[in-house]
Amino acid sequence: MAAHPLLSIRPATVDDVPLIRQLIAELAEYERLADAAAATDDDLRAQLFGAQPAAEVLIGEVDGQAAGFALFFHNFSTFLGKRGLYLEDLFVRPAFRGSGLGKHLMAALARIAVQRDCGRFEWSVLDWNAPAIGFYRSLGAVGMDEWTVQRLEGDALRALASHDAL
């Protein structure tokens, strides 16, 4: 990598779907969740570029090479009365770590949040991922230690969905 690599951030296009899926697979491997990465190109094409996109993706490049991505969507804060920007995934390929791309992706997301009048920019990080936590702290992020993520999926989600309404 050059001493001062050329970093660029761009919105993903439908032509990037295979790249996005590959980056997701690499992220899943890093997070020790390779078996959980089931998204197909068709899934991503429909959900990211269909009639009602569920999320957006930024592609980060270093010297013209795809080096990482950020996938994000909007949520809403009832307390602030504003939407927020939620970062679902941020990943920089190992060969490009230390290039500054992660910080550039986060800055691009912060700019989007400000431009869209979001009240918050939030994300989750695995508690064992000390390098990521340190990186986020260096940006000024504050851990929300009093909150825990809750999840329903699979059979539990379907069971609750089939519960009779009162």
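The values are calculated or read from the model by the stated rules, or taken from the named source; none is laboratory data. As the structure is a prediction and not an experimental result, all values here were calculated from the model. Don't worry about glycine lacking a Cβ; one is built from the backbone with ideal geometry, like all the others, and counts go over all protein chains shown. In case anyone asks, the SASA skips ligands and DNA or RNA and just uses the protein heavy atoms, side chains included. Shrake-Rupley method; radii C 1.70, N 1.55, O 1.52, S 1.80 Å.
For the structure I just gave you, tell me whether Ile24 is in contact with a Lys or Arg (Cβ under 6 Å, 6 or more places away or on another chain), at pLDDT 95 or above, among the β-branched types (Val, Ile, Thr) and within 26 Å of Leu126 (Cβ to Cβ). No; evaluated as a whole, the condition is false for this residue. Among Val62, Val57, which is the only one that is within 25 Å of Leu126 (Cα to Cα), in contact with a strand residue (DSSP E or B) (Cβ under 8 Å, 6 or more places away or on another chain) and in contact (Cβ under 8 Å) with a residue 24 or more places away in the chain? Exactly one residue qualifies, and that residue is Val57. Remark: pairs (first residue in segment 1-30, over 16 Å from His104 (Cβ atoms); second residue surrounded by 11 or more Cβ atoms within 10 Å (Cβ to Cβ) and among the basic types (Lys, Arg); Cβ separation under 6 Å; 6+ apart in sequence or on different chains) = Val17/Arg45.
Against the test of being exposed (fewer than 11 other Cβ atoms within 10 Å of the Cβ), free of Cβ contacts under 8 Å to residues at least 60 places away in the same chain and not aromatic (Phe, Trp, Tyr), the options Val142, Val114 yield a single qualifying residue, Val142. If the condition is being part of a loop (DSSP other than H, G, I, E, B), acidic (Asp, Glu) and open to solvent by 70 Å² or more (accessible area, probe 1.4 Å), then segment 1-47 contributes no residue at all. When restricted to residues that are of a type in the set (D, E, K, R), open to solvent by 60 Å² or more (accessible area, probe 1.4 Å) and part of a loop (DSSP other than H, G, I, E, B), segment 48-104 contains 2. Applying the criterion of being among the hydrophobic types (A, V, I, L, M, F, W, C), in contact (Cβ under 8 Å) with a residue 24 or more places away in the chain and not in a strand (DSSP E or B) to the residues of segment 117-127, the residue that is most open to solvent (accessible area, probe 1.4 Å) is Leu126.
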